[in-house]
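Worksheet for the structure shown next.
The values are calculated or read from the model by the stated rules, or taken from the named source; none is laboratory data. As the structure is a computational prediction, the values presented were derived from the model and not from experiment. Backbone-built Cβ (ideal geometry, glycine too); neighbour counts: all protein chains shown.
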Amino acid sequence: MGTATINLDGNALELETVEGSEGEKALDIKPLRKQTGYITLDPGYLNTGSCKSDITFINGEKGILRYRGYPIEQLAEQSSFSEVSYLLTEGKLPTKSEAEEFEHLLTRHSLVHEDLKRMFQAFPPNAHPMAILSSVCCALSTFYQDQYDPLNPEQVKINTIRMLAKLPTIAAYSYKQSMGQAFIYPDNKLSYCGRLLKMLFGYRTEQYEVDEDVEKALDKLLILHADHEQNCSTTTVRIVGSSQANLFASISAGICALWGPLHGGANQKVLEMLDTIHQDGDDIDKYVALAHDKSSNFRLMGFGHRVYKNFDPRAKILGEACETVLKKLKVNDPLLNVARKLEERALSDDYFKQRNLYPNVDFYSGIIYRALGIPTNMFTVMFALGRLPGWIAQWKESSAHGTPIGRPRQVYTGPNTRDYVPMAKR
Ligand code: CMC
């Protein structure tokens with residue numbers, strides 16, 4: 001490792017440099033405050049590395065995304081979501097017997113305690129499913145209170161399985177509750193995505209046949225969302241976990257962070273935006289002009305990314321998948337035409353070009369979810385199901401690295417000390 005010298009107030013300080021396996025460089029600033037009194041200031045962590053990680057590599061300039069070294073394009077084409085879940089949480093691709101054992105465990109743990117089901121009835125009928133998902137996920141911890149020690153590897157192992165197996169059930173129940181329909185139990189004969197589809201769209205009165213094309217498309221979507229290094233929700237999961245909160249509580253916090261429209265909630269907002277544009281006579285220019293106008297507070301949802309400044313490889317895969325899926329399912333969605341036109345227009349627009357704003361993963365995922373019959377307010381829930389193995393892997397890694405409790409500093413800019421003024425004198 002090299003060193004870098006910083007000159008502050010006439011004093012030179014040597015800081016160690018750190019280099020990652022893909023050549024990313026960092027300055028280790030841990031001794032900075034102790035030796036100089038300075039801290040670094042970086043709201044939104046635009047230039048702050050919060051950890052070293054072996055899980056996911058992104059090169060935003062080149063549009064590269066790899067899980068544990070495997071390119072996202074290969075995983076999306078050749079792997080399955082449950083295999084990717086194993087890869088992320090266990091750190092390697094499973095052998096045949098490991099994969100079988102993993103699948104078996106995911107089915108054995110797919111049911112939730114019958115008492116937990118009552119919780120769904122406590123929400124108003126129009127409750128957003130992300131609120132339900134996060135609440136019920138946290139409530140799940142109450143069923144395992146003597147088994148959720150984050151420092152006990154056996155307990156972490158079984159809770160990893162519980163989370164992966166039960167979150168689809170909870171997600172589907174939240175949807176069924178909002179529709180006023182009976183819950184469908186997980187069918188353990190089906191694949192991970194097949195189970196989810198049946199729980200979402202099956203009826204107790206009828207046989208449910210899983211459509212293979214829908215199942216495959218959903219699997220691909222979940223793979224593409226499975227991890228994305230230190231984004232807002234993952235950082236949340238790590239920070240909550242750093243206080244040694246249990247896995248269920250940490251994931252519940254991650255779900256809340258994902259909900260926001262600038263993060264996972266963007267997939268719902270994209271669809272709503274496309275629909276508004278369509279209702280407004282497909283007037284693309286009007287909305288591009290609105291995006292230019294800062295006073296409008298309008299952003300083209302599904303465009304731009306903190307890390308990708310060239311293209312989002314997930315959006316590229318999804319853009320192509322979108323055509324295939326819609327064709328296979330014989331869906332003719334006018335919103336896809338709006339999306340295509342909007343993409344074309346934005347990509348040739350100076351404002352978007354100068355700021356390197358490209359379609360992100362949320363731009364096309366919504367159109368595919370819609371074609372698969374998934375209601376708009378469930379889009380971010382689907383994102384959460386996809387991101388779950390990544391959150392778990394990052395939570396485990398943070399704990400295994402003995403990461404200290406997350407606790408940034410600040411530069412105080414408020415009033416200097418002053419005397420309390422009694423009410424009568426204010
Ligand atoms: N539409 C119009 N202008 C935009 C957009 C957009 N979608 N995104 C960024 N800009 C402008 C922004 O106004 C700023 O302009 P200026 O330099 O003139 O002040 C410049 O581009 C840089 O934007 P920023 O907000 O500083 O960039 P950031 O890296 O902090 O934010 C982002 C990244 C994803 C939050 C942002 O691009 C955005 O709000 N996009 C729309 C929401 C969205 O699609 N989110 C999903 C992200 S991908 C999946 C996920 O993470 O969940």
(message) Just the residues that are within 11 Å of the ligand (Cβ to nearest atom) and either assigned to a loop (DSSP other than H, G, I, E, B) or farther than 23 Å from THR276 by Cα (or both), please, taken from segment 314-352.
(response) ARG314, ASP349
(message) Can you list the helices (runs of 4 or more DSSP H) lying wholly within segment 177-296 that have 2 or more residues being within 11 Å of the ligand (Cβ to nearest atom), under 27 Å from GLY44 (Cα atoms) and in contact with a His (Cβ under 9 Å, 6 or more places away or on another chain)?
(response) 232-242, 247-259
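Considering every residue within segment 394-415, establish whether at least one is within 16 Å of the ligand (Cβ to nearest atom), surrounded by 13 or more Cβ atoms within 10 Å (Cβ to Cβ) and farther than 21 Å from ILE55 by Cβ. It would help to see each step written out before you state the result.
From segment 394-415, those within 16 Å of the ligand (Cβ to nearest atom) are 394; that's our starting set.
Subsequent filtering for residues that are surrounded by 13 or more Cβ atoms within 10 Å (Cβ to Cβ) retains 394.
Still in the list and also farther than 21 Å from ILE55 by Cβ: none.
Looking for residues that are within 16 Å of the ligand (Cβ to nearest atom), surrounded by 13 or more Cβ atoms within 10 Å (Cβ to Cβ) and farther than 21 Å from ILE55 by Cβ, one finds none in segment 394-415, hence no.
Would you point out which residue out of SER97, SER82, SER53 is under 21 Å from GLY386 (Cβ atoms) and assigned to a helix (DSSP H, G or I)?
SER82
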(message) I need every pair where a residue in segment 284-313 that is among the acidic types (Asp, Glu) has its Cβ under 9 Å from the Cβ of a residue that is part of a loop (DSSP other than H, G, I, E, B) and more than 7 Å from the ligand (Cβ to nearest atom), sequence separation at least 6 or different chains.
(response) ASP312/GLY60; ASP312/GLY63; ASP312/TYR358
(message) Please count how many residues of segment 355-374 are near the ligand (Cβ under 7 Å from one of its atoms) and either surrounded by fewer than 24 Cβ atoms within 10 Å (Cβ to Cβ) or in a loop (DSSP other than H, G, I, E, B) (or both).
(response) 3
(request) Scan segment 20-48 residue by residue and report those that are under 30 Å from GLY69 (Cα atoms), surrounded by 12 or more Cβ atoms within 10 Å (Cβ to Cβ) and either of a type outside the set (D, E, K, R) or within 16 Å of the ligand (Cβ to nearest atom) (or both). (result) GLY20, ALA26, LEU27, ILE29, TYR45, THR48
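Out of LYS34, LYS92, LYS52, I need the residue that is charged (D, E, K, R) and at pLDDT below 95. Which one? Write out each step before concluding.
Numbers: LYS92 fails: at pLDDT below 95; LYS52 fails: at pLDDT below 95.
Only one candidate qualifies: LYS34.
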(message) For segment 58-70, check the following and say yes or no: at least one residue is among the β-branched types (Val, Ile, Thr), within 16 Å of the ligand (Cβ to nearest atom), at pLDDT 95 or above and in contact with a Leu (Cβ under 6 Å, 6 or more places away or on another chain).
(response) yes
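Could we say that GLU73 is among the acidic types (Asp, Glu) and under 27 Å from ARG195 (Cα atoms) here? Can you show your working first?
Numbers: among the acidic types (Asp, Glu): yes; under 27 Å from ARG195 (Cα atoms): yes.
Judged against the criteria, GLU73 is a match.
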